[in-house]
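Notes follow the structure.
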Amino acid sequence: MTGSLTILVLSSNKLTGTIPASLENLKSLSILDLRINNLFGLIPPEMNNLTHLYFLQIYSNRLSGNLPRDVCLGGLLSYFGAMDNYLTGPIPKSLRNCSSLLRLRLERNQLSGNISEAFGINPNLYYMDLSDNELHGEISWKWEQFNNLTTFKISGNKISGEIPAALGKATHLQALDLSSNQLVGRIPKELGNLKLIELELNDNKLSGDIPLEVTSLRDLQRLGLAANNFSATILKQLGNCSKLIFLNISKNRLTGTIPAEIGSLQSLESLDLSWNSLMGGIAPELGQLQLLEVLNLSHNMLSGLIPTSFGRLQALSKVDVSYNKLEGPLPDIKAFREAPFEAIRNNTNLCGNATGLEACAALMKNKTVRKKGPKAVILTVFSLVGSLLGLIVGFFYLLPKHKKEKVSGSTTNIAL
C-alpha cells in the first residue's frame, strides 16, 4: 500500500528526530515535503533510491551531513530546497546535468567544494540561491546554457576571479547577487545587455570605474556596489535608472560632487554614499526625493549648508551626515531633530534643535561677539594709547610754563 504513495506533505509541524531510512520503501513518491520542522541528524543515503522525486523540500530544519549524492538520479527533480540547515560537503554531482531542475535553494548551510564544476546542463533552471556557504572557485560556466535563469544568488562564499563577461548571455537574468566574495577586476559592460532588476556586488575587491552600461539598466530597482575599490565620480546617468529604490555605493574611493541628477530618482527609498571622498555642496535636488527613508552621506568632505530643500523630506526616518565640513542650521524635520549626536558630529559648524548642537540663535550671537571682539580690543588699545600720549604731551607742555612762573615769582620777591 505504502509503495503506491506519491505525495507526502508533513511541513510546518513540530516534528523531531531524524528522517527515517524506511522512506526508501516509498518507491513512487514524487512529492516529499518535510520543511519547517525540528528534524536533525544526517539525511539517510537511502533517499537516493527515490528516483521519482519531482518536489523535495527539507529546508528550515537542523539537518547535518551531506546532501544525497544522487538526488536527481531519476532525472525528474524540479524543485529542491534544503536551505537553513547545517549541511556540509559538496553540491551533489547529480545536479550538474539535472536538466529537469527548475528551482534550487541551498542557501545558509556550510556546503563546500569548487563551484566551477558543480553545474553544467541546466537549461530549465530559473532560480538558484547558493548564498552563505563555503563554496570556492570561479563562476566560469557556459552561461548561454542558463537561458531561463532569472535569479542567481551566490553571496557570502569564497568565490574568486573576475565576473565573467559571458554572464551577459544569460539573457533572462533579473536578479544577480555576487556580494561578499573575493571577486576582482571590473564590472563587465556586458551586464548592460541584461534586464536586471537587482544587482548586488557589495563587499568584493572590484575596481575601476562604474561602467556607463550599468546606467542602461532602466528596470533596475536595487544597486549595491558598496565596499569595493571603485574610483572616479558618481555617474550622473544614474538618474536615468528611474525605478531605483535602493542605491548603495558607500565605502569606495569615489570623488567629485553628488550629481544633481540623483534627485530625479523619485522612487528612491534608501541612499548611501558614505565613506568616499565626495566634496562640494550637497545637491539641493536631493530634496526632491519624497519617498526617501534612509540617507547616509557621512565620512566625506562635503561642505557648505544642508539645502533648505531637505525640509521637504518628510518620509526620512534615518539620516547620517557626520564627518563632513557642513555648517549652518539643520533642516527642521523629524529625522534631523531626533538624530543621535553620532549622526551629525564632526562637522564645521552645524546648529539646530538636535542633541549636542548649539541653537542657531545662540551660535549667531556668539559669532557676532567673536566678530566684534578683535575690533573692540583694537579700539580699546588705541583709546588707551591716545589718552596716554595726551597726558605725556600735556605734561611736557605745562612743565616749562610752570618753571617760568616759578622763576618770575622769585625775582619779584628779591626786588621787594
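Selection of the range 126-173 for residues being polar (S, T, N, Q) and either more than 26 Å from the chain's Cα centre (by Cα) or not in a loop (DSSP other than H, G, I, E, B) (or both) yields SER140, GLN145, ASN147, ASN148, THR151, SER160, THR171. Is the range 158-175 home to any residue that is among the β-branched types (Val, Ile, Thr) and over 25 Å from MET83 (Cβ atoms)? Yes, the range 158-175 contains at least one residue that is among the β-branched types (Val, Ile, Thr) and over 25 Å from MET83 (Cβ atoms). Pairs meeting the criteria (first residue in the range 97-118 and modelled with pLDDT of 95 or more, second residue hydrophobic (A, V, I, L, M, F, W, C) and in a helix (DSSP H, G or I), beta carbons under 9 Å, at least 6 apart or on different chains) are LEU101/LEU95; LEU104/LEU95. Just so you know, in the range 293-344 the residues that are of a type in the set (Asp, Glu) and part of a strand (DSSP E or B) include one that is nearest to LEU268 (Cα to Cα), and it is ASP320.
Cβ-Cβ distances below 6 Å connect the following pairs, each with a first residue in the range 268-290 that is charged (D, E, K, R), a second residue that is at pLDDT 95 or above and not in a loop (DSSP other than H, G, I, E, B), and a separation of six or more residues or different chains: ASP272/ASN248; ASP272/ASN296; GLU285/ALA260; GLU285/GLY263.
Looking at SER155, SER180, SER160, just one residue is touching a Gly at 6+ places or on another chain (Cβ under 6 Å), farther than 16 Å from ASN122 by Cα, at pLDDT 95 or above and surrounded by 15 or more Cβ atoms within 10 Å (Cβ to Cβ), and that residue is SER180. Picking from residues in the range 104-125 that are out of contact with any Asp or Glu (no Cβ under 8 Å at 6 or more places or on another chain) and in a loop (DSSP other than H, G, I, E, B), the one that is surrounded by the most Cβ atoms within 10 Å (Cβ to Cβ) is LEU125.
Of all residues in the range 182-237, those that are in contact with a Pro (Cβ under 7 Å, 6 or more places away or on another chain) and among the hydrophobic types (A, V, I, L, M, F, W, C) total 2. When ASN66, ASN37 are checked against the criterion of being closer than 23 Å to GLU134 by Cβ, surrounded by 13 or more Cβ atoms within 10 Å (Cβ to Cβ), modelled with pLDDT of 95 or more and polar (S, T, N, Q), ASN66 stands alone in meeting it.
The values are calculated or read from the model by the stated rules, or taken from the named source; none is laboratory data. What you are looking at is a predicted structure, and each value in this text was computed from that prediction instead of being measured. Glycine gets a Cβ as well: all are built from the backbone with ideal geometry, and neighbour counts include every protein chain shown.
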